[in-house]
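Remarks on the structure that follows.
Laboratory data are not the source of any read-out in this text; all were calculated from the coordinates shown. Keep in mind that this is a model prediction, so the values were computed, not measured. For neighbour counting, all protein chains shown are included, and Cβ atoms are generated from backbone atoms with ideal geometry for every residue, glycine included.
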Amino acid sequence: MKLLTTPKAISPARVHFFLAEKGIEIEREVVNLMEGEHRTSEYRATVPNGRVPALQLDDGTVLCETTAIARYIEEALQPDPPLMGSTPLERARIEMFDRMMELELMLPMAMTFRHTHPAMKALEDQVPEYGEKQRAVAERRLKRLDKELGEREYIAGEQFTIADITAWCSIRFFRAAGFRIADEQRHLADWFQRVGSRPAAEVAFAA
Ligand SMILES: N[C@@H](CCC(=O)N[C@@H](CS)C(=O)NCC(=O)O)C(=O)O
């Protein structure tokens with residue numbers, strides 16, 4: 001089994017964090033996005049979404065999409081500690097929060113980055129006005145998240161879950177697009193520090 005991945009990229013970082021929480025390692029093959037290694041016909045024929053991360057199983061099956069890879073790791077490779085819930089209700093609630101973090105926070109941040117950052121010209125047909133609109137969407141969501149984290153320790157409740165990994169990696173990575181936790185967002189800042197002090201957070205964006 002091997003993980004097709006790129007160091008210091010947001011979606012791969014979520015899988016690296018998840019694996020480190022599980023205490024397992026998977027052989028890695030680095031895909032250089034800036035050199036277009038994911039745009040070859042061979043890569044596209046192998047990986048359904050043509051992106052990283054992707055998990056290639058020993059029987060040749062290829063899983064892409066970060067959450068699907070995490071689901072396979074949790075259910076087939078290492079259930080402990082559970083990061084995606086242990087009962088049907090927990091699983092549904094955690095997926096609900098994780099999708100909210102992905103769609104309402106990570107995605108607008110990613111669109112800001114891709115449409116405004118000079119380094120992203122190689123990968124995106126940039127529309128800077130769209131990027132700036134998405135910045136406002138993400139900033140409003142950060143404000144709401146600060147309020148929500150005043151009511152609970154972690155994003156989905158009192159336990160650390162995959163939803164924290166998604167949100168933490170987004171806030172950490174998209175500093176590159178100018179996102180910052182505002183001085184008055186104390187609950188968000190405390191949570192960011194709490195998640196960032198986990199040993200697994202250190203490997204998320206490691207080279
Ligand atoms: N929805 C996918 C997104 C994967 C994705 O967009 N990966 C980026 C790197 S963080 C990528 O491969 N980008 C290549 C490109 O934009 O051409 C997931 O969750 O895994």
Checklist entry - If Arg152 satisfies every condition in (1) more than 30 Å from Met84 (Cβ to Cβ); (2) over 19 Å from the mean Cα position of the chain (by Cα) but one, which is the exception? => result (1)
Next on the checklist: Go through the range 15-53 and report how many residues are more than 17 Å from Ala207 (Cβ to Cβ) and either exposed (fewer than 14 other Cβ atoms within 10 Å of the Cβ) or near the ligand (Cβ under 8 Å from one of its atoms) (or both).
Outcome noted: 14
Item to check | Where Ala122 falls short, out of the listed (1) farther than 20 Å from Arg14 by Cβ; (2) among the small types (Gly, Ala, Ser); (3) buried (at least 21 other Cβ atoms within 10 Å of the Cβ) | outcome: (3)
